[in-house]
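Taken together, the values in this text are just the output of simple stated rules run on the coordinates, not laboratory data. None of these values were measured; they are calculated from a predicted model. Heads up, the Cβs are rebuilt from the backbone with ideal geometry, glycines too, and the neighbour counts pull from every protein chain shown.
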Amino acid sequence: MASPAPIRPTPSDVQAWRNALEAMKPTVPPCPGFSAQRWQEAREAAIDFLYRFGAAAVYQLVDENRP
């Protein structure tokens, strides 16, 4: 029996995460415990990560969780 085709997310999966983070206000922390400064740093780092490594990270995650 042939192996099932690998699951491959589309680039839009990563774009959806970037869009969601970019839509969040950098000056308004999303949850208690984040200072405005720390949230801005975390948000910027997450957006940068997604631009630089997003597609590779999603593909690796899918491959690791494939049966």
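Please work out whether region 11-64 counts as rounded, prolate or oblate from its C-alpha gyration tensor, where a ≥ b ≥ c are the square roots of the eigenvalues and a/c under 1.5 means rounded, while otherwise a/b larger than b/c means prolate and anything else oblate? Intermediate results must be reported in sequence, preceding the final value.
Numbers: a/c = 2.59, a/b = 2.18, b/c = 1.19.
It comes out prolate by the Cα gyration axes.
When ranked by the protection proxy of mean other Cβ atoms within 10 Å per residue, highest first, what sequence do the peptides 46-55, 18-27 form? Intermediate values should be presented prior to the final figure.
Numbers: 46-55: 15.0, 18-27: 12.3.
My ranking of the peptides, most packed first, is 46-55, 18-27.
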